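> Sharing a structure here in structure tokens format.
The values are calculated or read from the model by the stated rules, or taken from the named source; none is laboratory data. Here the structure is a predicted model, which means the values were calculated and not measured. Methodologically, a virtual Cβ is constructed for each residue, glycine included, from the backbone with ideal geometry; neighbour enumeration extends over all protein chains shown.
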Amino acid sequence: MSPVAPSTARSTDPVRLATIDVAPVVAALVPFALAIGAASAANGLSLAEAIVTPALLLAGASQLAAVDLVGAEAAIAVAAGTAIAINLRFALYSTALRRWFEGAPRWQQLLLAVPLIDQNFLLCEDRFDESTGLAWRRRYYLVVSGWMVVAFLAFQVVGYAAGAGLPAGLGLHLGAPLVFAGMLARAAAGRGQLVAAATAGGAVVLVSGLPGGLALPVAALLGVAVAAAMPGARR
């Protein structure tokens, strides 16, 4: 991420800053998107289904879990319930989005919520403060989200086309969760938060055998549990 401090962000071009900030995130999304595209092809989804589903969901962890469960012939209710459970964190993110874009029309806030995912949430939380106005925040958010959405969808199509041609055992599905844990570690304000992020990053690898995107929420819960159990942690 750019070394520009949040407090001086207002004097920086939001388009340029957003492009710099999002570059490593996009790079980490590529293998994750490839994994989802390949999983869609392996589990019998048509190309149209593989394209429309991510465009509607924009939630890789729940999408990967749902695709794997459908491929394993799980009941649709189970796949849908799993996707909903994984996506519950977005209810918390929505409170931040309302704070970021306070003063914007309600219809605009609803549209801005569509591309909100883990990575752009952390980028924006790091950049937005009282010195950044509504117009600056909107431009930064749209550029960050635009790069991520285009890369996420495009490389899912590439992964679908490659299908079985992608080497097995590469752990492509771990790309986005690992970079998310890294971003959490960078944003950690104290020892407990840093331990939580490190634990979550390691746990993502250890529990990667869980169906689809379940590894991310399970790893996050483990990180929180370890941090809470540390001496001096708030009860």
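Yes or no, residue by residue, for (1) at pLDDT below 80; (2) more than 30 Å from Gly163 (Cα to Cα); (3) assigned to a helix (DSSP H, G or I):
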site: Arg10; (1), (2), (3): yes, yes, yes
site: Val22; (1), (2), (3): no, no, yes
site: Ala39; (1), (2), (3): yes, no, yes
site: Leu45; (1), (2), (3): yes, no, no
site: Val52; (1), (2), (3): yes, no, yes
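> Six or more apart or on different chains, Cβ atoms under 9 Å: show the pairs whose first residue is in the stretch 43-58 and of a type in the set (S, T, N, Q) and whose second is at pLDDT below 75 and surrounded by fewer than 14 Cβ atoms within 10 Å (Cβ to Cβ).
What qualifies is Asn43/Ala72.
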